Amino acid sequence: MLDFTEASLKNVLTRYNVALEKAMTPEDAAEELYPKDKLIYPIAKAIFEGEEEDVIDGLRAAMDASKNPIVLIDDALIVGMGVVTRLYDEGVIFLPNVMMSAYAMLNGIEFCKENSETAPVNKGTIVCHVAEGDVHDIGKNIITALLRANGYNVVDLGRDVPVDEVIAAVVANKPIMLTGTALMTTTMYAFKEVNDKLVEKGIKIPFACGGGAVNQDFVSQYALGVYGEEAADAPKIADAIVAGTGDITALREKFHKHRGEKNGSKKIHFNDIRKRRRDDFRRIQVPSKGRP
């Protein structure tokens with residue numbers, strides 16, 4: 001029988017926990033990705049941490065060192081958000097972290113605009129909405145934040161948006177892409193109505209859809225549908241369109257990840273992965289003001 005004293009057992013557990021956290025800390029993962037430039041580094045780090053005041057302080061210091069405010073949007077803010085997006089893609093951080101970082105990023109963009117005589121290049125306009133009858137807008141809010149952080153002009157229609165209102169917004173704003181999210185299976189069928197009415201009007205823009213109720217097979221059933229499994233896919237799809245991949249089939253080839261899988265098996269697989277990741281990181285929080 002092993003005979004551990006309370007002190008020796010505590011020492012073993014402490015060393016085990018320290019080793020585990022060193023191997024899995026999000027901050028450590030982010031540190032490997034930050035730019036090395038001494039002026040850009042603190043801005044990128046502040047974006048990751050969601051520290052709005054630190055973002056502004058970093059930008060101010062960079063501007064005092066003669067950095068162009070508009071160039072800083074791409075070279076510092078977008079780079080910092082890129083760290084967040086990558087770690088989110090890998091399951092190292094989660095949606096609340098992305099939202100805090102995105103808001104810090106947006107404040108940084110406004111600060112850069114206020115301190116520049118020239119406006120940043122707008123990559124294009126995107127219309128975003130939550131399906132008619134669905135009031136769950138967390139996914140849509142994350143998508144709009146990520147798109148704005150990546151340089152897109154977003155027309156945010158909000159939640160529970162009637163189909164005809166979506167069509168009217170597309171006609172009025174002529175976006176490069178439409179996005180829709182749905183958490184409820186009873187509401188996701190509004191996407192098919194939106195798709196059919198756009199096609200009737202001869203409007204053939206990519207319609208990126210996602211959310212808890214939505215799966216790849218469903219989105220693939222209508223002509224304009226492109227499935228985004230994660231919120232972080234939205235700016236990637238938009239970037240592909242801007243780069244010249246506007247064809248729906250080509251976008252599906254690039255972003256549809258589940259070749260020949262049944263919907264049920266796919267969902268179980270990714271839910272299991274997310275659960276394991278949350279279990280692994282349940283004790284680790286990204287530092288941010290106002291968080292317990």
Can you find even one residue in region 88-105 that is crowded, with 20+ Cβ neighbours inside 10 Å and outside any helix (DSSP H, G or I)?
-> yes
Verdict on Ile56 being modelled with pLDDT of 95 or more, part of a helix (DSSP H, G or I) and closer than 14 Å to Ala104 by Cβ = yes
Options Ile138, Ile93; residue that is under 18 Å from Ala208 (Cα atoms) and among the hydrophobic types (A, V, I, L, M, F, W, C) = Ile138
Search region 221-238 for residues being modelled with pLDDT of 95 or more and within 17 Å of the chain's Cα centre (by Cα), and hand back the single one that is surrounded by the most Cβ atoms within 10 Å (Cβ to Cβ).
-> Val226
For region 219-240, which residues satisfy the criterion of being touching a helix residue (DSSP H, G or I) at 6+ places or on another chain (Cβ under 8 Å) and in a helix (DSSP H, G or I)?
-> Val219, Ser220, Asp233, Ala234, Pro235, Lys236, Ile237, Ala238, Ala240
Which residue pairs have Cβ atoms closer than 7 Å, lie 6 or more positions apart in sequence or on different chains, and pair a first residue in region 172-185 that is in the same structural domain as Ala232 (by TED's automatic domain parsing) and part of a loop (DSSP other than H, G, I, E, B) with a second residue that is charged (D, E, K, R) and surrounded by 20 or more Cβ atoms within 10 Å (Cβ to Cβ)?
-> Ala182/Asp134; Leu183/Asp134; Met184/Asp134
Counting only residues that are more than 21 Å from the chain's Cα centre (by Cα) and either of a type in the set (Ser, Thr, Tyr) or within 23 Å of Leu251 (Cα to Cα) (or both), region 152-168 contains a total of 2
Within region 136-155, restricting attention to residues that are without any contact (Cβ under 8 Å) to a residue 40 or more places away in the chain and polar (S, T, N, Q), which residue is surrounded by the most Cβ atoms within 10 Å (Cβ to Cβ)?
-> Thr144
If we keep only residues of region 60-86 that are in contact (Cβ under 8 Å) with a residue 12 or more places away in the chain and in a loop (DSSP other than H, G, I, E, B), then the residue surrounded by the most Cβ atoms within 10 Å (Cβ to Cβ) is Lys67
Of all residues in region 124-135, which are out of contact with any Phe, Trp or Tyr (no Cβ under 7 Å at 6 or more places or on another chain), buried (at least 19 other Cβ atoms within 10 Å of the Cβ) and either modelled with pLDDT under 85 or in a loop (DSSP other than H, G, I, E, B) (or both)?
-> Glu132, Asp134
Residue under evaluation Thr181, criteria (1) in contact with a Lys or Arg (Cβ under 6 Å, 6 or more places away or on another chain); (2) surrounded by fewer than 18 Cβ atoms within 10 Å (Cβ to Cβ), criterion not met | (2)
Scan (1) assigned to a loop (DSSP other than H, G, I, E, B); (2) farther than 22 Å from Thr245 by Cβ for the single condition Val121 breaks and write down its number.
-> (2)
Considering region 91-134 alone, what residues qualify as being without any contact (Cβ under 8 Å) to a residue 40 or more places away in the chain and within 17 Å of the chain's Cα centre (by Cα)?
-> Pro96
Just one listed residue, out of Ala46, Ala30, is assigned to a helix (DSSP H, G or I), touching a Lys or Arg at 6+ places or on another chain (Cβ under 8 Å) and hydrophobic (A, V, I, L, M, F, W, C), and it is Ala30
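The values are calculated or read from the model by the stated rules, or taken from the named source; none is laboratory data. It should be emphasised that the depicted structure is a prediction, and the values quoted were computed from it without experimental measurement. Neighbour counts are summed over all protein chains in view; Cβ atoms, including those assigned to glycine, are modelled from backbone coordinates with ideal geometry.
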